[in-house]
Amino acid sequence: MADEVPSLAESKLTALVVDDNFVNQTMHHKLLDRLGIQNDVVCNGQEAVDVHCSGRNYDLILMDMEMPILNGIQATKRLREMGIESKIAGVTTRANEGDKKEFMEAGLNDFQEKPLTISKLLSILHRLDFYVQT
Amino acid sequence: MLGLGVDRLQADINRLLTSLFHQGVLDEQFLQLQQLQDETSPTFVYDVINIYFDESEKLLRSLRLLLMDREFSDYKKIGLHLNQLVGSSSSIGARRVRNVCVAFRSASELNNRPGCLRGLEVVEHEYHYLKNMMHELFQLEQQRLLAAGVRYPM
């Protein structure tokens, strides 16, 4: 399976993982690494906002919905208000249609249910035009 | 002879995993976890599972403390802890733990204290079973690696 995973290292994509769960942080970081996407990890929406305030920018943000201090919906709204145009994909284990609608309306480009897998991540990248599936 | 030891251990590992999948203890997400292990992170599965154990035990301790408190009424906090457990259990493929956490969460959403106490007992039981099985798996894997390492060069 490892041999079949495409490498996007040449595209020099960067990503930010925003999740308060250490297991998910580790998994998502590794998933992105495996695809050759350089990535950073923060623990909540406030840290995601702070890292952008410090001048960092990313092609893709994987945003968890439920987080302490500043949740994914609030963080997405704040980033869009700041003029951040990165592609933001909401990821969550638990979203009824109402929550999903609210999350999308906050400014997401895509939404995916956890747990994330290589193929779900490739789907996100494909839908956001970062990767052409062959 | 040494090769047979490795093969036998590998067969034991395969049998244990098959059993865990068959019992519904693990699901296909565990295979994803295994697929992420590579030469740059050769102990990835072990590392992630140990993070899961550390985090889960903190959450379970907190849940027990909350529910043992006679004045307890913070069902929202129970829900937040369970969201964490559901999330991380899903991520590693711990299907049965995830499912019993979801059931526990339903009781907390109804502010059902007896239901929550029962839910906690079930989650603790499933969690400890998973932990024991993972320890057995890691022990077999370690024995297999040791057996594979004790080879005379060709």
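Values quoted throughout were computed directly from the atomic coordinates according to the rules given, and no laboratory measurement underlies them. The structure displayed is predicted, hence computed values, not measured ones. We place every Cβ from the backbone using ideal geometry, glycine too, and count neighbours over all the protein chains shown.
At a glance:
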| quantity | calculated |
| --- | --- |
| Condition broken by residue B:86, with the remaining ones in (1) facing another protein chain (nearest Cβ under 10 Å); (2) in contact (Cβ under 8 Å) with a residue 24 or more places away in the chain; (3) closer than 21 Å to residue A:65 by Cβ; (4) of a type in the set (Val, Ile, Thr) satisfied | (2) |
| Per-region count, the range A:42-100, residues under 18 Å from residue A:21 (Cα atoms) and exposed (fewer than 15 other Cβ atoms within 10 Å of the Cβ) | 2 |
| All positions within the range A:23-65 that are closer than 19 Å to residue A:75 by Cα, hydrophobic (A, V, I, L, M, F, W, C), outside any strand (DSSP E or B) and within 14 Å of chain B (Cβ to nearest Cβ) | A:43, A:65 |
| Selection from the range A:1-22 of residues that are more than 9 Å from chain B (Cβ to nearest Cβ) and part of a loop (DSSP other than H, G, I, E, B) | A:6, A:7, A:8, A:12, A:13 |
| Selection count, the range A:113-124, where residues are buried (at least 18 other Cβ atoms within 10 Å of the Cβ) and either within 14 Å of chain B (Cβ to nearest Cβ) or not aliphatic (A, V, I, L, M) (or both) | 7 |
| Evaluation of residue A:131 against (1) within 14 Å of another protein chain (Cβ to nearest Cβ); (2) in contact with a Pro (Cβ under 8 Å, 6 or more places away or on another chain) (one fails), failing number | (1) |
